[in-house]
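Reviewing the structure listed below.
The values are calculated or read from the model by the stated rules, or taken from the named source; none is laboratory data. Note that the coordinates shown come from a computational prediction; the quantities given were computed from them, not determined experimentally. Neighbour counts are summed over all protein chains in view; Cβ atoms, including those assigned to glycine, are modelled from backbone coordinates with ideal geometry.
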Amino acid sequence: MSKPTDVRLHGATLFFLPVQTRVPLKFGTETLTSVTCARVRMSVMDRRGRSAEGWGETPLSVQWVWPSTLTYEERHDGLKAFCEVLTTAWGRFEAEGHPIEIGHRFLESELPRLLDGFNAQRADREPMPWLAALVCCSAFDIALHDAYGMAHECPIYDTYNADFMNADLSAYLSPASRPGGEPGTVRSFSGRYPADYLTSRADVLPAWHLVGGMDALGIEAELPANPGDGHPITLVDWIQRDGLKCLKVKLRGNDPAWDTDRIEQVGRIAFEQNCHWLSADFNCTVHDPDYVNAILDGLMHTQPRIYGMILYVEQPFPYDLETNRIDVHSVSARKPLFMDESAHDWRLVRLGRELGWTGVALKTCKTQTGALLTLCWARAHGMTLMVQDLTNPMLAQIPHLLLAAYGGTIMGVETNGMQFYPEASDPEAVVHPGIYRRRDGKVDLTTISGPGFGYQLDAIDRTLPEPTASAGRG
């Protein structure tokens with residue numbers, strides 16, 4: 001089955017863009033001070049022989065995708081090397097169709113094979129995890145979606161329907177089973193397409209601010225050194241400058257006294273500064289639901305106002321869900337409980353739902369294709385959605401915000417690139433000022449328009465480095 005709108009891959013080119021943070025960002029037990037962004041140019045050809053180019057980008061956030069005792073450089077070099085492997089694989093991948101069809105086929109057949117081969121060649125080293133492979137792959141997949149929209153001169157979100165796709169969602173998704181293994185009959189994906197689970201695009205979104213474990217709150221006796229770049233250095237300053245209403249609090253997950261105190265400190269600042277919502281992010285460090293329950297119950301009794309401000313709890317437990325099958329119903333009985341690192345794909349979301357998770361935090365860094373399919377499965381099964389950041393700068397910010405704009409999230413979108421490397425996005429901010437600076441607690445997407453993801457690259461004055469790798473079908 002095929003359509004006149006189908007495209008085939010023609011080539012891929014990889015660029016690496018290094019970025020330094022202005023202040024450290026703590027991830028669980030590690031701290032991020034720099035990141036390499038992988039930027040990909042993908043070329044496609046339609047059935048008439050006309051070519052089009054698309055772009056994708058993602059930060060290779062080493063500490064998040066590959067928690068380990070290995071040195072940062074060992075993991076960083078591994079991620080970059082795998083991106084080069086993917087450049088050859090994507091550039092020569094023989095596939096034709098809609099981006100979801102091509103992307104799904106690559107994720108199901110090629111990426112596992114490539115990761116196994118990559119790890120086998122480095123058998124004397126710790127194997128790179130699947131999450132890291134997904135993040136490397138995401139820049140290529142995003143670029144493919146953008147190229148398809150460019151080929152058809154329309155926004156990519158206008159193509160997630162029967163007019164452009166050859167197969168409905170039943171080709172990719174299976175509904176949850178009833179007790180006893182009977183397939184559900186009320187959640188069939190037959191005749192359904194991603195467009196059936198998307199909302200009308202929101203052009204203005206509430207913005208969540210990340211309160212990292214090392215961030216100054218503004219109540220310390222001694223404040224950290226001021227980078228002198230004109231941007232805020234304390235949480236209070238950020239709230240006042242950006243009009244913030246939603247604060248995501250990074251926690252340790254292995255120190256209940258510190259975690260409780262941190263939530264209380266941020267909570268007091270929140271209601272003093274007229275913020276409305278908090279979320280608690282334990283970053284995969286908890287192994288027993290009682291740890292989270294004790295903190296939540298303590299807040300409910302001693303700080304009921306702060307407890308009431310917590311909109312949801314994010315990923316307290318290890319992200320390898322199949323190995324760590326922890327029943328979390330007791331946590332989700334207290335607050336909505338969102339999968340993040342665990343939500344690699346819709347199959348793991350299905351397992352998570354069985355274990356008691358009630359929401360999914362989507363990320364474009366796990367591929368646009370995978371995020372859309374996960375969104376559809378979760379929404380069809382009554383789960384709540386959120387779109388979380390990977391501290392996305394530059395082009396990476398745009399597909400990230402669009403997923404939230406069409407996704408119908410519980411509350412806006414997390415966006416924190418402007419906190420940790422605001423100047424990295426200066427060229428893009430000239431064209432899209434509303435998405436790289438939060439105002440009145442919101443981001444404004446109205447400048448994102450045109451075909452593909454609406455980057456408007458021709459208007460962005462950015463000089464790229466020399467390509468790191470390139471491959472094509474000739």
Of the residues in region 372-393, those that are within 8 Å of the chain's Cα centre (by Cα) and not in a loop (DSSP other than H, G, I, E, B) come to Val387
Counting only residues in region 395-453 that are among the β-branched types (Val, Ile, Thr) and assigned to a loop (DSSP other than H, G, I, E, B), the one surrounded by the fewest Cβ atoms within 10 Å (Cβ to Cβ) is identified as Thr446
Among Gly149, Gly103, Gly91, Gly117, the single one that is surrounded by 15 or more Cβ atoms within 10 Å (Cβ to Cβ) and farther than 29 Å from Ala404 by Cβ is Gly91
If we keep only residues of region 147-177 that are among the small types (Gly, Ala, Ser) and not in a helix (DSSP H, G or I), then the residue nearest to Asp458 (Cα to Cα) is Ala162
Residues of region 278-309 being of a type outside the set (Gly, Ala, Ser), touching a strand residue (DSSP E or B) at 6+ places or on another chain (Cβ under 9 Å) and more than 14 Å from Thr358 (Cβ to Cβ), in sequence order, are Leu278, Asp281, Phe282, Asn283, Ile295, Leu296, Leu299, Ile306, Met309
Gly97 vs (1) over 20 Å from the mean Cα position of the chain (by Cα); (2) buried (at least 21 other Cβ atoms within 10 Å of the Cβ); (3) free of Cβ contacts under 8 Å to residues at least 60 places away in the same chain: all pass except (3)
Considering region 24-49, residues that are modelled with pLDDT of 90 or more and polar (S, T, N, Q), and then whichever is surrounded by the most Cβ atoms within 10 Å (Cβ to Cβ), we arrive at Ser43
Within region 312-327, of all residues that are surrounded by fewer than 20 Cβ atoms within 10 Å (Cβ to Cβ) and not hydroxyl-bearing (Ser, Thr, Tyr), the one farthest from Ala257 (Cα to Cα) is Glu322
Reported set for region 1-14 where residues are part of a strand (DSSP E or B) and either surrounded by fewer than 20 Cβ atoms within 10 Å (Cβ to Cβ) or of a type in the set (S, T, N, Q) (or both) is Arg8, His10, Thr13
Subset of region 222-256, residues among the aliphatic types (A, V, I, L, M), buried (at least 21 other Cβ atoms within 10 Å of the Cβ) and in contact (Cβ under 8 Å) with a residue 40 or more places away in the chain, comes to Leu244
Residue hits (region 48-94; over 23 Å from the mean Cα position of the chain (by Cα) and among the aromatic types (Phe, Trp, Tyr)) are Phe93
